[in-house]
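The values are calculated or read from the model by the stated rules, or taken from the named source; none is laboratory data. This structure is a prediction, so every number in the text was calculated from the model and none was measured. Quick reminder, even Gly has a Cβ in these numbers, built from the backbone with ideal geometry, and neighbours come from all protein chains shown. The accessibility values were calculated without ligands, DNA or RNA, using every heavy atom of the protein model including side chains. Shrake-Rupley method; radii C 1.70, N 1.55, O 1.52, S 1.80 Å.
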Amino acid sequence: MDKLRGFQKKYLRGLAHSLNPVVLVGQKGLTESLIESMQEALDQHELIKVKFNEFKEKAQKQEMTGELEEMTGSQAVGMVGHVVIFYRQHEDAEKRKIVLPDREA
């Protein structure tokens, strides 16, 4: 998947506005089961929110966000407070739920 452009991220943030976090990062941090949960959620929904319950410092959240992007093959679309929005396009074109705009409106 190509790197998302600014207007695509803005579009995805708009779609994510009404979503609730489906993955919670607790005191154990990035565990194998957390990565598996995130992989499953991305396969099902393509666009998910991840909430950091224990890690409140911005630098920690940014570092963990980068690691999650690498481990799951997703891209962070935005961070608001302790919630990060991730997007990964479904590999199967027929199962894709989100159609990204290809140019600014």
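Cβ neighbours within 10 Å, averaged per peptide: list 79-90, 31-42, 55-66 in order, most packed at the top.
With the highest mean Cβ count within 10 Å placed first, the list reads 79-90, 31-42, 55-66.
Using alpha-carbon pairs under 8 Å, 6+ residues apart, how would you state the relative contact order of the chain in percent?
Over the chain, the number comes to 32 percent.
Report the extension gain between residue 97 and residue 63 in nm, rounded to one decimal, defined as 0.36 nm multiplied by the number of residues separating them, less their alpha carbon distance. Let's see the in-between values first.
Working: separation 34, 0.36 × 34 = 12.24 nm, distance 2.87 nm.
Here the segment from residue 97 to residue 63 would lengthen by 9.4 nm.
Within region 26-105, how many Lys pairs that are eight or more residues apart, or on different chains, come under 28 Å at the alpha-carbon?
Here the count comes out as 13.
Per-residue counts of other Cβ atoms within 10 Å, averaged by peptide: what ranking do you get for 96-103, 11-18, highest first?
Put in order of decreasing packing, that is 11-18, 96-103.
Kindly provide the helix-only [θ] at 222 nm of the chain, computed as the sum of -39,500 (n - 2.57) over DSSP H runs of four or more divided by all residues, to the nearest 500 deg cm²/dmol?
Details: 3 runs with 40 residues, N = 105.
Mean residue ellipticity, 222 nm, calculated: -12000 deg cm²/dmol.
With θ taken as phi - 60° and the coefficients 6.51, -1.76 and 1.60, list the Karplus ³J(HN,Hα) couplings across region 37-47 in order, rounded to whole Hz; mark glycine and proline as x.
Listing the rounded values in order: 4, 5, 4, 4, 5, 5, 5, 6, 10, 6, 10 Hz.
Roughly what would the spin-label model give for residue 56 and residue 30, points 7 Å off Cα along C-beta, in nm?
Spacing of the two 7 Å Cα→Cβ label points: 2.3 nm.
Quote the charge dipole size of the chain about the Cα centre in Debye, to the nearest 20; the model charges only the Cβ of Lys and Arg (+1) and of Asp and Glu (-1). Write down the numbers at each step before the final one.
Numbers: 16 positive and 17 negative charges, 124 e Å.
I would put it at about 600 debye.
Against the empirical 2.2 N^0.38 Å scaling, what ratio does the C-alpha Rg of the chain come to?
Relative to the 2.2 N^0.38 Å estimate, the chain comes out at 1.03.
Could you check how much of the accessible area of the chain is carbon and sulfur, as a whole percent, using a 1.4 Å probe? Can you show the working numbers first?
Working: 3100 of 6840 Å².
Taking all protein chains in place, the chain shows 45 percent carbon and sulfur surface.
Place +1 on the Cβ of every Lys and Arg and -1 on the Cβ of every Asp and Glu in the chain, take the dipole about the Cα centre, and give the residue among 81, 22, 98 whose Cα lies farthest towards its positive end.
Farthest towards the positive pole: 81.
For the chain, report the accessible area per residue in Å² (1.4 Å probe, heavy atoms, rounded to an integer). Mind showing how you got there, number by number?
Numbers: 6840 Å² over 105 residues.
Accessible surface, normalised per residue, equals 65 Å².
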